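The next block holds one structure in the form of structure tokens; read it before the comments.
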Amino acid sequence: MPELTFRQEREEDVPLILEFIKKLADYEHRLDEVIATEEALKYWIFDKKQAEVIFALEDGKEIGFAFFFLSFSTYIANVNMHLEDLFIDPDYRGKGYGKALLRELAKIVKERAYGRFEWTCLNWNQDSIDFYLSIGAEKKDWNVFHFTGEALDDFVNEK
């Protein structure tokens with residue numbers, strides 16, 4: 001039986017982190033939106049310590065990852081772990097590894113006394129939505145909005 005383990009990111013993992021980001025973007029049909037670089041990931045994860053990565057390993061081989069950072073909730077006056085990306089290679093799905101990786105993250109939330117563990121999911125990804133509901137996660141009633149690129153520039157420069 002294969003052994004599933006987890007480990008924290010190391011600086012030499014930056015190319016692997018970018019590879020998993022691109023695999024997830026490809027799965028989401030959004031690969032053309034990825035502008036992340038190894039240099040930027042190194043800067044924000046290791047130099048500025050603004051995000052973290054946990055790898056899932058089967059028999060010592062990285063087969064998935066979780067990319068997360070902290071946000072703040074004024075309602076509970078505590079930080080939240082915001083899970084930005086969760087991905088398990090397709091060849092390793094159906095073994096409970098995604099759930100195990102989420103559980104590993106939940107343990108970190110508890111160990112560090114964060115207030116909440118949260119993430120978003122694309123509206124069309126019903127399989128993931130059903131999975132999250134099946135493990136007891138609550139679906140909240142927020143919509144996500146963002147500015148990026150030219151739209152952000154236009155908004156900032158609007159007179």
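The values are calculated or read from the model by the stated rules, or taken from the named source; none is laboratory data. Just so it is clear, the structure is predicted and the values come from calculations on it, not from any experiment. All Cβ positions, glycine included, derive from the backbone under ideal geometry; neighbour counts span all protein chains shown. Please note that ligands, DNA and RNA were not included when accessible areas were found on the heavy atoms of the full protein model with its side chains. Shrake-Rupley method; radii C 1.70, N 1.55, O 1.52, S 1.80 Å.
Identify the residue in region 60-70 that is surrounded by 13 or more Cβ atoms within 10 Å (Cβ to Cβ) and in contact (Cβ under 8 Å) with a residue 40 or more places away in the chain and, among all such residues, is farthest from residue 106 (Cα to Cα).
Among those residues, the one meeting the criterion is 62.
Return a yes/no flag: does region 89-103 have any residue that is open to solvent by less than 80 Å² (accessible area, probe 1.4 Å), in a strand (DSSP E or B), acidic (Asp, Glu) and in contact (Cβ under 8 Å) with a residue 12 or more places away in the chain.
Checked against the condition, which is being open to solvent by less than 80 Å² (accessible area, probe 1.4 Å), in a strand (DSSP E or B), acidic (Asp, Glu) and in contact (Cβ under 8 Å) with a residue 12 or more places away in the chain, region 89-103 yields no hits at all.
Hey, could you check region 104-117 for residues that are in contact (Cβ under 8 Å) with a residue 40 or more places away in the chain and not in a helix (DSSP H, G or I) and say which is farthest from residue 78 (Cα to Cα)?
Of everything passing the filter in region 104-117, 116 is farthest from residue 78 (Cα to Cα).
If you check 24, 57, which single one turns out to be in a helix (DSSP H, G or I), in contact (Cβ under 8 Å) with a residue 24 or more places away in the chain and either of a type in the set (Val, Ile, Thr) or surrounded by 14 or more Cβ atoms within 10 Å (Cβ to Cβ) (or both)?
Details: 57 fails: in a helix (DSSP H, G or I).
Unique residue meeting the criteria: 24.
When you scan region 136-159, do you find a residue that is of a type in the set (Asp, Glu), within 23 Å of residue 17 (Cβ to Cβ), free of Cβ contacts under 8 Å to residues at least 24 places away in the same chain and open to solvent by 90 Å² or more (accessible area, probe 1.4 Å), even just one?
Taking every residue of region 136-159 in turn, none turns out to be of a type in the set (Asp, Glu), within 23 Å of residue 17 (Cβ to Cβ), free of Cβ contacts under 8 Å to residues at least 24 places away in the same chain and open to solvent by 90 Å² or more (accessible area, probe 1.4 Å).
Can you tell which of 19, 33, 38 is under 26 Å from residue 107 (Cβ atoms), without any contact (Cβ under 8 Å) to a residue 40 or more places away in the chain, open to solvent by 70 Å² or more (accessible area, probe 1.4 Å) and not β-branched (Val, Ile, Thr)? Walk me through it before giving the result.
Working: 33 fails: under 26 Å from residue 107 (Cβ atoms); 38 fails: under 26 Å from residue 107 (Cβ atoms).
Result of the check over 19, 33, 38: 19.
Which residues, counting only those in region 109-132, are surrounded by 12 or more Cβ atoms within 10 Å (Cβ to Cβ) and among the small types (Gly, Ala, Ser)?
Within region 109-132, 115, 128 meet the criteria.
Looking at region 45-54 only, could you name the residues that are in contact (Cβ under 8 Å) with a residue 12 or more places away in the chain and more than 13 Å from residue 12 (Cα to Cα)?
Filtering region 45-54 for residues in contact (Cβ under 8 Å) with a residue 12 or more places away in the chain gives 45-46, 50-54.
Answer for region 45-54, where residues must be in contact (Cβ under 8 Å) with a residue 12 or more places away in the chain and more than 13 Å from residue 12 (Cα to Cα): 50, 51, 52, 54.
Do the conditions hold for residue 106, that is, is it within 16 Å of the chain's Cα centre (by Cα), within 21 Å of residue 16 (Cβ to Cβ), open to solvent by less than 50 Å² (accessible area, probe 1.4 Å) and not β-branched (Val, Ile, Thr)?
no
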